[in-house]
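In what follows, a structure is listed as structure tokens, so that the remarks can point back to it.
The values are calculated or read from the model by the stated rules, or taken from the named source; none is laboratory data. If you're wondering where the values come from, they're calculated on a predicted model, not measured in any experiment. Just so you know, the surface numbers come from the protein's heavy atoms only, side chains and all, with ligands and any DNA or RNA stripped out. Shrake-Rupley method; radii C 1.70, N 1.55, O 1.52, S 1.80 Å.
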Amino acid sequence: MKRVELVGSHLETDQPKPWLTEGREATMERVWAFLSYRTDDSEDYTSFLMSSLKSVNASAAEGKTTFEFTVKRQHSNSFGTIHGGVIASLVDLGGMAAIVALTNHPFGVSVDVAVTYIGPAKEGETIRIESVCHKASKSVAFTTTMLYVGERLIAKGNHTKFNNMTR
């Protein structure tokens with residue numbers, strides 16, 4: 001089991017970090033609570049995604065999360081496959097979830113989101129979203145998200161977040 005590097009943040013202090021030893025269910029619940037905090041607001045873009053998202057697994061100690069997402073018509077382009085913007089949003093949400101799992105802190109704004117589109121996902125298919133936070137410091141966090149339909153990789157993304165919430 002590879003340990004994620006945590007530098008320059010509240011994670012580096014001697015303060016207790018109980019979330020790093022919590023169980024899978026507690027981590028999933030904590031991450032899901034963060035992701036769904038605004039879904040009652042129909043104007044929020046996450047509500048467009050959250051109805052199709054299901055939490056599967058999370059590890060605070062490893063900074064990893066796994067979700068499933070069912071592609072619906074509203075997520076599709078004119079070819080009946082998932083729109084690239086939806087995939088980019090899933091990379092964004094997946095990366096944020098991994099950061100929250102690891103740091104118990106939401107961070108703030110995206111600095112960079114890079115997505116490589118490898119293959120399609122059709123309406124009705126379920127996408128597995130696996131994200132990991134590789135490093136979280138006081139000011140920045142780095143994540144990678146892989147999206148699969150079955151065992152077929154359909155997209156991968158890297159996401160860098162700036163922590164503007166400590167100012």
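All distinct Cα pairs of region 85-137 go into the 1/r average, and the inverse of that average, the Kirkwood radius, is 12.5 Å.
On a per residue basis, the convex hull of the C-alpha atoms belonging to region 62-167 measures out at 89 Å³. Largest to smallest in accessible area, the residues His105, His83 fall in the order His83, His105 (1.4 Å probe, all protein chains included).
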